[in-house]
1. THR171 accessible area, nearest 10 Å², 1.4 Å probe?
2. Give the residue list of trypsin sites (Lys or Arg not before Pro) in segment 1-94 that are DSSP loop and have at most 12 other beta-carbon atoms within 10 angstrom.
3. Which one is right for this structure if Cα Rg over 2.2 N^0.38 Å is calculated from it: [x] 1.10; [y] 0.97; [z] 1.28?
4. Work out which chymotrypsin sites (Phe, Trp or Tyr not before Pro) in the chain are exposed loop sites (DSSP not H, G, I, E or B, at most 14 other Cβ within 10 Å) and give the longest gap free of them.
5. Determine the relative contact order of the chain: mean sequence separation of Cα pairs under 8 Å and six or more apart, normalised by residue count, in whole percent.
Amino acid sequence: ELDAYAGEFEANGAWQYEGTSGYVWVPRVAVGWQPYSNGHWTWTPFGWTWVPYERWGWAPSHYGRWGFSASFGWYWSPGRTWGPGWVSWAVGGGYVGWCPLGWRNRPVHPWGWGGNRGHAVPRGGRGHGSSWNVVRHGDLGGRDVARRRVPIDRVDSTALRAASSYAARPTRDGRGLRESD
């Protein structure tokens, strides 16, 4: 089902061999780019669904998983299962956040802080280079996520709690999480 996107991949990135993942696609993007940051979320029968603005963004946003390496930066590993957006969610304190999921459905934290104690942002702030996107819960459906992003160091890391399961999705109002069907 991804054959239709082969031309977009070739025109907008390169296939590379990554030691732990095999062949992966590395997009040609601006410095500081990260998955699920150039587009918007829209409410559908599947819940919040990512609508990417990159020409090549549909397949990498809805199939496969993302990873990060020091050699390539962000890379995408193809997959066969469609999803509304392969991200881990976090809600609380009036905010909603999301972070790309890697293989084994674990949030990708390329800059070393774990987020594995249920907190979506690093304790003590220092959000530079974070893989999390955070917006005020009322801005979740906004058209320009990049403009609406809240700097991680302005979010109370004890209030924004990461979902305990990759199947948890924000409610329509963005104030809570529920397990998807």
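The values are calculated or read from the model by the stated rules, or taken from the named source; none is laboratory data. In this text the structure is predicted, and so the values were computed from the model without any measurement. Positions of Cβ are backbone-derived with ideal geometry, glycine not excepted, and every protein chain shown enters the neighbour counts. Each accessible area value is taken on the protein alone, full model and side chains, heavy atoms only, with ligands, DNA and RNA left out. Shrake-Rupley method; radii C 1.70, N 1.55, O 1.52, S 1.80 Å.
1. Surface accessible to solvent at THR171 totals approximately 40 Å².
2. Details: sites: ARG28, ARG55, ARG65, ARG80; in loops: ARG28, ARG55, ARG80.
In loop regions of segment 1-94 (DSSP not H, G, I, E or B), the sparsely surrounded trypsin sites (Lys or Arg not before Pro) are ARG28, ARG55, ARG80.
3. The listed entry that was calculated here is [y].
4. 112-181
5. Here the relative contact order equals 21 percent.
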